[in-house]
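Just below is one structure, and these are the notes that go with it.
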Amino acid sequence: MPNDSTRRTVANHIEKAERCLEVYKLLLKGVSRPEVVQFCAEKWGVTDRTADNYIALAKTEIYERIERDFDRSFALMHHRLEDLYKRSMKLQDYKTALAILKEHGALHNLYPAKRHELAGKDGGDLVITVKYEDGANG
């Protein structure tokens, strides 16, 4: 049978996960760091450092979910394009098949990046002026 210290450690992990979930929801709503820190201090009586740890864990979860969602979306798009390509070829719709191949290539970054050149007025040299906030130049 677990002793009190073991039981408390498990509860702390559960509490921490629940707190991080609340912070996660606040971040998704666009709540600022100072507001999250204040919320954590008022609700749980924790320090700024602990609140920052909750924020860091919540942000990690957000980034991991974005990455998972991106990977799923990428795989889904890839398979849909493959399916459309097969159907187009079966119907001998080569124009659509070619468009699908181009989209597939773009999805997989098979084409070199497009070059963009900047020019000044009437195609002349581009002049860039840098102004510093304190008013000093250069």
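The values are calculated or read from the model by the stated rules, or taken from the named source; none is laboratory data. Please read all numbers here as calculations on a predicted model, not as lab measurements. Because the Cβ atoms are built from the backbone with ideal geometry, glycine has one as well, and the counts that use them run over all protein chains shown. All accessible areas refer to the heavy atoms of the entire protein, side chains included, with ligands and DNA or RNA removed. Shrake-Rupley method; radii C 1.70, N 1.55, O 1.52, S 1.80 Å.
Pairing residues of region 76-88 that are within 13 Å of Ala99 (Cα to Cα) with residues that are of a type in the set (S, T, N, Q), at Cβ distances under 6 Å and at least 6 apart in sequence or on separate chains, gives Ser88/Thr96. For region 127-138, the criterion of a residue being at pLDDT below 95 and either surrounded by 10 or more Cβ atoms within 10 Å (Cβ to Cβ) or part of a helix (DSSP H, G or I) (or both) is satisfied by no position. Flag: Tyr54 does not match the condition of being open to solvent by 70 Å² or more (accessible area, probe 1.4 Å) and of a type in the set (Phe, Trp, Tyr). Contact annotation: residue pairs with Cβ atoms under 9 Å, 6 or more positions apart or on different chains, pairing a residue in region 98-127 that is closer than 20 Å to Leu76 by Cα with a partner that is open to solvent by 100 Å² or more (accessible area, probe 1.4 Å) and in a loop (DSSP other than H, G, I, E, B), are Lys102/Tyr111; His104/Leu110; Gly105/Tyr111. The condition (being part of a helix (DSSP H, G or I) and either within 21 Å of Ile66 (Cβ to Cβ) or of a type in the set (Lys, Arg) (or both)) is satisfied by just one residue among Glu22, Glu42: Glu22. Would it be correct to say that Ala75 is assigned to a loop (DSSP other than H, G, I, E, B) and among the aliphatic types (A, V, I, L, M)? No. Within the bounds of region 78-91, is there any residue that is loosely packed, with under 14 Cβ neighbours inside 10 Å, among the hydroxyl-bearing types (Ser, Thr, Tyr) and in a helix (DSSP H, G or I)? No: region 78-91 contains no residue that is loosely packed, with under 14 Cβ neighbours inside 10 Å, among the hydroxyl-bearing types (Ser, Thr, Tyr) and in a helix (DSSP H, G or I). Applying the condition of being more than 32 Å from the chain's Cα centre (by Cα) and of a type outside the set (A, V, I, L, M) to region 97-126 and asking which residue is most open to solvent (accessible area, probe 1.4 Å) yields Lys121. Taking (1) without any contact (Cβ under 8 Å) to a residue 12 or more places away in the chain; (2) surrounded by fewer than 13 Cβ atoms within 10 Å (Cβ to Cβ) in turn, Asp48 satisfies each apart from (2).
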